[in-house]
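This report concerns only the one structure given below.
FYI, it's all coordinate maths here, none of it is from the lab. Worth saying up front: this structure is predicted, and the values here are computed from it rather than measured. Cβ atoms come from the backbone with ideal geometry, glycine included; neighbour counts cover every protein chain shown.
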Amino acid sequence: MIDTDRLTKRYAGARGIEDLSFVVEAGEIYGFLGPNGAGKTTTIRTLLDLLHPSGGHASIFGLDSHRGSREIRSRLGNLPGDFTCDPRLTGRAFLAFCAEARGLAGLGRGPVLAERFEADLDRRIGDLSRGNRQKIGLIQALFHDPELLILDEPTTGLDPLMQEEFLEVITDHRDRGGTVLLSSHELDEVERVCDRVAIIREGRLVAVERVAELRGRSYHHVSIRFEESLEVAELAAIPGVSELRTDGTRVSFKVTGALDPVVKAAAHHTVLDMELTEPSLEEVFLTYYGREGPR
Ligand SMILES: Nc1ncnc2c1ncn2[C@@H]1O[C@H](COP(=O)(O)OP(=O)(O)OP(=O)(O)O)[C@@H](O)[C@H]1O
Ligand SMILES: [Mg+2]
């Protein structure tokens, strides 16, 4: 759906993005994750032909992002990071305007989405709170049910319930065959909905990972309470066990790789309680990439 080859955008006197090559497959939710100033918005604006690349190339739907920009725009939904529109319009009038621009007869999924997001389409957009304005932005990106959604920090300003609703809406979109590229600096939301995540830092792509695999090749925190205090040396000797701590009967440690040897060793004693915790994606990233990127 999206294919970039060494895409580069330099601003006069400032780094934008450098040599970004990535592919977003049809039917996936692809997360673009990075701290402030990393280059997420620059990438999205370059993809959308709002910025001219200084180097490299991007295509969407197999079309050149510049030469094919008219067709590309007609087939995608986009929410810019700084969504604004005429504040005098109501949400409904704004959607009608968007529909007309797209040559569509009705408001499509607009009213259904408004209900899901509890958005008021009959108030002037200028009178809405920031979060409620953001909902109108989301609805205009989604109302025509586009095959590809490109969303720049879509959950900005949404309260936790609405963030939840949004994540469900885009998961539904994916499940119906749609594709989503979204940017975020929140690991938590990326972790919850994305199939793959690209980490961008200082204008460069530092990692692209399948979320499930990233978790799969990671580790667990284990905490076991035994009936009697035990000699921890036998647990410490198991390959993959580290950071072992004990207060006598409760033993806590980290296991990288297979859990089976730990379970078998524990089974030699009476286990009262056992707790397994998966690390957060953030913890995994810090473990594998550190704060400065891959080593
Ligand atoms: N119009 C511009 N002129 C000059 N430099 C710019 C311009 N827009 C962005 N930059 C620079 O490009 C870099 C990437 O900015 P960008 O807005 O793409 O980051 P971002 O990842 O979207 O950050 P945020 O999370 O804050 O939205 C930054 O160093 C920024 O200062
Ligand atoms: Mg941005």
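List of remarks:
- Summary value for region 1-92: 29 percent relative contact order, contacts being C-alpha pairs under 8 angstrom separated by 6+ residues.
- Taking a ≥ b ≥ c as the square roots of the eigenvalues of the Cα gyration tensor, an a/c ratio below 1.5 marks region 219-277 as rounded.
- Exposure proxy shown here: for ILE72, ILE199, ILE17, the number of other Cβ atoms within 10 Å sets the order, fewest to most, as ILE199, ILE72, ILE17.
- About its Cα centre, region 219-277 has a charge dipole of approximately 160 debye under the convention of +1 per Lys or Arg Cβ and -1 per Asp or Glu Cβ, with nothing else charged.
- Of the residues THR256, THR90, the one with the fewest other Cβ atoms within 10 Å heads the list, and the complete ranking is THR256, THR90.
- Once each of the GluC sites (Glu not before Pro) sitting in a DSSP loop with at most 12 other beta-carbon atoms within 10 Å is removed, the chain keeps 119-226 as its longest stretch.
- Its relative contact order, with pairs defined as Cα atoms under 8 Å and 6+ residues apart, puts the chain at 20 percent.
- For region 173-259, the relative contact order works out to 21 percent when only alpha carbon pairs closer than 8 Å and six or more residues apart are counted.
- Rounded to the nearest 20 debye, dipole of the chain from Cβ charges on Lys, Arg, Asp, Glu: 1240
- Order of THR84, THR179 under a 10 Å beta carbon neighbour criterion, fewest first: THR84, THR179
- One decimal place: the segment HIS221-ALA258 gains 12.1 nm when fully extended, by the rule 0.36 nm per residue minus the C-alpha distance.
- Loop-resident sites, region 136-213, for trypsin sites (Lys or Arg not before Pro), counting at most 10 other Cβ within 10 Å (DSSP): ARG176
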